[in-house]
Structures are given as C-alpha cells and as structure tokens.
Amino acid sequence: MIISLYAGEMTIRDIQHHLATTIGTELSHETISNITDAVLEAVLEWQQQPLDDFYPVVHLDAIRVKVRDVLIVCCDGLTGLPEAIEAT
C-alpha cells in the first residue's frame, strides 16, 4: 500500500496520515521513507514510461429493475453487445 500511494505522488506525511486513518496503522516517518527509498528507482522508471497513442476503454453502467415486460436496452452500437443482450 505504501508503494502504491507513493507511486500516486503522495508525500510521506500524506501516506502516514492515510495509513493511520484508513487501517489504523501508525508508522514512523523514517520507516515510510526507508520503504519509498527502496523502490524510488522503479517508481521513477514507471512514472517516466512512454504512453501509447491509443488506449481503448469500455465503460459499462447499468441498473437492473425487475419487470414483467417492457425491456429496454440503450447502447451505442458496440459490436457484439446487442447480440449478447439478445442471447441473455
């Protein structure tokens, strides 16, 4: 968790506060600093990695309501989604 928070650019004090308030763990500034120092090179490498030009993203959001009839599906024509819904 410390590494993840540090990779997300939280400060050591922010990490210390987050751990104390979310899971009740109190670690010293030095302990957190020792952990982050051990992975600093890997974090910097990850932060500086080149990004791809294209990232496909699919976001689905739904609400399920029990009804006896009048079934409605609204979609933007995503290939295969209408067929999957019909099959279900």
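Here, each number is a calculation from the coordinates, and none is a lab measurement. Please read all numbers here as calculations on a predicted model, not as lab measurements. Don't worry about glycine lacking a Cβ; one is built from the backbone with ideal geometry, like all the others, and counts go over all protein chains shown.
If you line up the long axis of helix 29-47 against the longest principal axis of the chain, both from Cα atoms, how many degrees apart are they, to the nearest 10?
The answer is roughly 50 degrees.
From the helices alone, meaning DSSP H stretches of at least four residues, give me the mean residue ellipticity at 222 nm for the chain, per-run term -39500 (n - 2.57), in deg cm²/dmol to the nearest 500.
Calculated mean residue ellipticity at 222 nm is -15000 deg cm²/dmol.
Provide Thr36, Thr31, Thr79, Thr21 in ascending order of the number of other Cβ atoms located within 10 Å of each residue's Cβ, fewest first.
Fewest-to-most Cβ neighbours within 10 Å comes out as Thr79, Thr21, Thr31, Thr36.
How would you classify the stretch 2-47 from its alpha-carbon gyration tensor, with a ≥ b ≥ c the square roots of the eigenvalues: rounded for a/c under 1.5, else prolate if a/b is greater than b/c, otherwise oblate?
It comes out prolate by the Cα gyration axes.
Cα convex hull of the chain: how many Å³ per residue?
So the per-residue Cα hull volume is 181 Å³.
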